[in-house]
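The structure appears below as structure tokens.
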Amino acid sequence: MLSLKVGRFLYLAVNWAVLAFLLLPILIIFVFALNPTPYIEFPPVGVTLKWFDKFFASPQFMSALLLSLEVAALTTIAATVLGASAALGIARGNVPGSRLITAIMLSPLMLPAILTGLALFQTYVLMDVGRPLWGLVVGHCLVTVPYVVRTTLAVLHNFDLRLEEAARNLGASPQRTFFEVTLPLIKPGVIAGGIFAFIVSFDQFPVSLFLVSPGQETLPITLFNYLKYDLDGTIGAASVVSILLAALVVIGLDRTVGLRSYVKL
Amino acid sequence: MSARIEIVGVSKSYDGAARAVDDIHMTIEPGEFFSLLGPSGCGKTTTLRMIAGFEMPSEGIIRVGGQDITRVPAHKRDMGMVFQNYALFPHRTVRENVAFGLRMRKMPRAAIAKKVDEALAMVALTGFEDRMPGQLSGGQQQRVALARAIVIEPRVLLCDEPLGALDKKLRQSMQFELKQLQKTLGVTLVFVTHDQEEALAMSDRIAVLSRGKVEQVGTPTEIYDRPATRFVADFIGETNLFRGELVGTDGAPALRVDGHLTLALPAADGLSGAISVGLRPEKVRLTPGGAGAQAQGTVESANFQGGHVLYRIALAGNRHVLAQSPNDGSGAPLAAGTPVSLGWTPADLVILKD
């Protein structure tokens, strides 16, 4: 009985410790963003919104934030369409060597993203295309498509093919069957992958590092450059804004298109 | 509304492997309740899937209502199908599930609503329109699947072991309902099952399949009383199988099974060489003691089954025969060790092809 209580206590203690380990850095960022002193101080000496004022008043940060959102949105759309199509092809296409193709599709996850960025940078130089926006989006897609492939393959794995046969039998053409039955049922996996894609793109540093053009930088790059010369609460404010934006997008996607569903992920 | 289905020389093989379906010929009449019966792997489901258009025959032709549909895609075949485990769309309500086929046929909204109501009333599910399939019991899901299939008024209704997942009581009542519904609608129904009792109880005619080939096509009584092959005799119900050499004359043929047992056969033409015969347990009459019957033996065990008793009788030469006697209420079954004589008429013996 006693050992049971001790076990339970240890179990809870470990859980809380992990939770604290994950959340404390975020809490410190919030403290940093709201504290009037221009350096990290604990305990905080007061509450101010001046760093937020400074962040939103900075044209540099604002254009970086907008660019990050734009790139993340384009990446999410492209990676979701590409990744879901690839997963469908792998799962349904009867292609020989589909395991190998899956491994290749997922390989950007294993590769250090900085190498992906460097390789793309050299490719663009060789192609002599400069550093266009689409170049950045392509780079982000490369590291986000694997997430969509993975989550979509997971739902396709448990998909009952008889549901599609039932739709065909009732008179639905293959296209109609896809939009009426297949897509709605794999949607949770596709959306989950899309959310990963958004977050990975929005926070992307190593790939962007090589692909942004000077004066046209994404938020993580701008923050890094700022950090090199200044350290004040603006960084904290910028971090808080980007955390809240990411959370907002995730919740928004969940509410509108729905993550939880009749299909188990 | 209902249509004749003709299956002409249809075969199906996958990647050059052994044929899952091997040169099948059958004609299913309009309005008929036709069962494809056999053990798993006999090709019955593959045959059904070829009729539905989910598989293409490697060889042969399938005609429905006189029209060759072998290469017509599944969604243009105008057939209803009830799947094993029902295959209801989990993301749609009962109403949307049933309406699906009508919506694909571009029927106006009001007409769809009316038809869906009628179909749900027919399967006694009025009031369940807005439930999701996950909220229904197995029997209710079964009814939705049925309503979804019949609401499009198909020429042909295909059922792939539709009652397999239900418990025994429910299965029996669904058997009656399905049969009744099929009669009311007059639709041609092709029913796949591995359950011989189900096939015997429901079908107008049955095709027994084994290893991709048709063993026999006939009415339930034909299949049971006059099985054509050893496989059919063995697969449908209990049967005593004997194999031996043909002896005796043309007018009075007999089968010498072994040194102890020779069976008088019904007169038949073209018999020669080694022959198998089947004898149903209920055709064997048991008389305690006695002599002068077809064979003598002793009761080895008696299996009381309520309405009847199934005896295992030991014959000379280490041979056993099953005999079934109705429970006439005269008391306890014959005890083990009781000597009995076994009687039957030669016409009860069915000559079987291998």
Query - Ranking of A:VAL95, B:VAL144 by count of other Cβ atoms within 10 Å, fewest first - result: A:VAL95, B:VAL144
Query raised in the report: Roughly speaking, what is the centre-to-centre gap between the stretch B:323-341 and the stretch A:172-202 when only Cα atoms are used, to the nearest Å?
Result: 68
Query - Scattering profile of the stretch A:1-48 at q = 0.14, 0.26 Å⁻¹ [log10 I(q)/I(0), Debye over alpha-carbon scatterers] - result: -0.52, -0.87
Query - Average beta carbon contacts from partner chains per residue of B:64-75, 10 Å cutoff - result: 2
**Report entry** Qualifying lysines (Cα of each under 24 Å from Cα of B:LYS183; at least 8 residues distant if same chain)
**Finding:** B:LYS44, B:LYS114, B:LYS115, B:LYS168, B:LYS169
Query raised in the report: Quick one: Cα centre-to-centre distance for the stretch B:1-73 and the stretch A:1-51, in angstrom?
Result: 68
**Report entry** Selected from A:LEU244, A:LEU69, A:LEU22 as most flexible by GNM, with chain A as the system and alpha-carbon contacts under 10 Å
**Finding:** A:LEU22
Query raised in the report: Sorting A:VAL212, A:VAL45 on the 10 Å Cβ count, fewest up front, what's the list?
Result: A:VAL45, A:VAL212
Query raised in the report: Does chain A classify as rounded, prolate or oblate by the C-alpha gyration tensor (a ≥ b ≥ c root eigenvalues; a/c under 1.5 gives rounded; else a/b over b/c gives prolate, otherwise oblate)?
Result: oblate
Query raised in the report: Which of the aspartates and glutamates could a cross-linker bridge to A:LYS50, judged by Cα under 12 Å and excluding same-chain residues fewer than eight apart?
Result: A:ASP232
**Report entry** Amide hydrogen neighbours beyond the local backbone of B:LEU255, cut-off 5 Å, H modeled
**Finding:** B:VAL247, B:LEU263, B:ALA264, B:LEU265
Query raised in the report: Calculated FRET efficiency, B:ARG71 and A:ARG99, Cβ-Cβ r, R0 25 Å, to nearest 0.05?
Result: 0.15
Report summary line: Everything considered on the Cα gyration tensor (a ≥ b ≥ c; rounded for a/c under 1.5, else prolate if a/b is larger than b/c, else oblate), the stretch B:238-352 must be described as prolate
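At a 10 Å Cβ-Cβ cut-off, how would you order B:PHE191, A:PHE159, fewest neighbours first?
A:PHE159, B:PHE191
Which of rounded, prolate, oblate describes the stretch B:1-108, given a ≥ b ≥ c as roots of the alpha-carbon gyration tensor eigenvalues and a/c under 1.5 marking rounded, otherwise prolate only if a/b is larger than b/c?
Prolate is the answer for the stretch B:1-108, as a/c is 1.5 or above and a/b outweighs b/c.
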Query raised in the report: Normalised by the residues of the stretch A:58-256, what does the relative contact order come to in percent, with Cα pairs under 8 Å and at least six apart?
Result: 35
Query - Alpha carbon convex hull of chain B, volume per residue in cubic angstrom - result: 174
Query raised in the report: So how strong a dipole does the protein assembly as shown carry about its Cα centre when Lys and Arg Cβ are +1 and Asp and Glu Cβ are -1, to the nearest 20 debye?
Result: 820
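What size of dipole, in debye to the nearest 20, comes out for chain B about its Cα centre when the only charges are +1 on Lys and Arg C-beta atoms and -1 on Asp and Glu C-beta atoms?
In debye, rounded to 20, chain B gives about 1180.
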Query raised in the report: Expressed as cubic angstrom per residue, what is the convex hull volume of the alpha carbon set of the stretch A:147-228?
Result: 109
Query raised in the report: Roughly how crowded by other chains is peptide A:173-181, in terms of the mean Cβ count from those chains within 10 Å of each of its Cβ atoms?
Result: 3
Report task. Could you tell me what fraction of 2.2 N^0.38 Å the Cα radius of gyration of the protein assembly as shown comes to, as a two-decimal ratio? Result -> 1.44
**Report entry** Cα centre as origin, Lys/Arg/Asp/Glu Cβ charges: the stretch B:238-352 dipole, Debye
**Finding:** 180
Report task. Apply the Debye scattering formula to the stretch A:67-116, with a single equal point scatterer on each alpha-carbon and no solvent, then give log10 I(q)/I(0) at q = 0.19, 0.28 Å⁻¹. Result -> -0.77, -1.03
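No value in this document is a laboratory result; all are computed from the given coordinates. Note that this is a predicted model, so its numbers are computed, not measured. Cβ sites come from the backbone with ideal geometry, for glycine too, and all protein chains shown count toward neighbours.
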